[in-house]
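> So that we are looking at the same thing, I have put the structure below in structure tokens.
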Amino acid sequence: MPVRVQREDFDVGVEIARLRAGTPGIGAIASFIGTVRDVNEGSGVATMTLEHYPGMTEPSLEAIVAEARERWDIFDCLVIHRYGELHPSDQIVLVVVSSAHRGEAFAACEFVMDYLKTRAPFWKKERTPEGERWVEARGSDDEAAARWDR
């Protein structure tokens, strides 16, 4: 269950191929790619800067993946989350889940992404024509994550 926090971009095809390698029982792969939008809350976004605490972030992401593994019968899960200054259309996050069946892959992928949005220790700052602003948590993200509460 690889988890990486990095400045560098990622190649989705390469990452999926690595995750699939040597596991012929995989019947489904579900993935999510998050990108920087050029507009948020009615303002143009020139850049988004993501910050995190190295050494704290990785264990937090690993715990989310471990919980997904407990809930669903999956082969593997990859999470790559970028930090630093990003521009519109840049990739931010990749979640890939492999399983024997699509239902478990889809559910686990969605769970991981919902928990990343609400529980991972990342802070986002946008640069807009009006100046810089910290991105606030959205109630809709909390609602999405709450549906997974046991």
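> Projected onto the charge dipole of the chain (+1 at Lys/Arg Cβ, -1 at Asp/Glu Cβ, origin at the Cα centre), which of 95, 13, 129 gives the Cα projection farthest towards the positive end?
13
> Dipole of segment 3-84, Cα-centred, from +1 at each Lys and Arg C-beta and -1 at each Asp and Glu C-beta, to the nearest 20 debye? Numbers along the way, then the final one.
Working: 8 positive and 13 negative charges, 30 e Å.
The calculated dipole for segment 3-84 is roughly 140 debye.
> Suppose the chain between residue 147 and residue 71 were pulled fully straight at 0.36 nm per residue; how much longer would it get relative to their current alpha carbon spacing?
Between residue 147 and residue 71, full extension yields 26.0 nm more.
> Let me ask something else. How large is the accessible surface of residue 101 in square angstrom, using a 1.4 angstrom probe and rounding to the nearest 10?
Accessible area, nearest 10 Å²: 120 Å².
> Stretched out fully, how many nm does the piece from residue 7 to residue 35 gain, at 0.36 nm a residue minus the Cα gap?
Full-extension gain reported as 8.7 nm.
> Between residue 134 and residue 102, what is the FRET efficiency for a Förster distance of 35 Å, r being their Cβ-Cβ separation, to the nearest 0.05? If you can, show how the numbers build up before the last one.
Values: r = 37 Å, r/R0 = 1.06.
That pair, residue 134 with residue 102, gives E of 0.40.
> I would also like to ask the following. Please give, to one decimal in nm, the separation of the simple spin-label points placed at residue 49 and residue 16, each 7 Å out from Cα toward the Cβ.
Label at residue 49, label at residue 16, 3.4 nm between them.
> Accessible area per residue of the chain at 1.4 Å probe, in Å²?
Ligands and nucleic acids excluded, the result is 54 Å² per residue.
The values are calculated or read from the model by the stated rules, or taken from the named source; none is laboratory data. These numbers were taken from a predicted model, which means no experiment stands behind them. Every residue, glycine among them, receives a Cβ derived from its backbone with ideal geometry; neighbour counts consider all protein chains shown. Areas reflect the complete protein model, heavy atoms only, side chains present, ligands, DNA and RNA absent. Shrake-Rupley method; radii C 1.70, N 1.55, O 1.52, S 1.80 Å.
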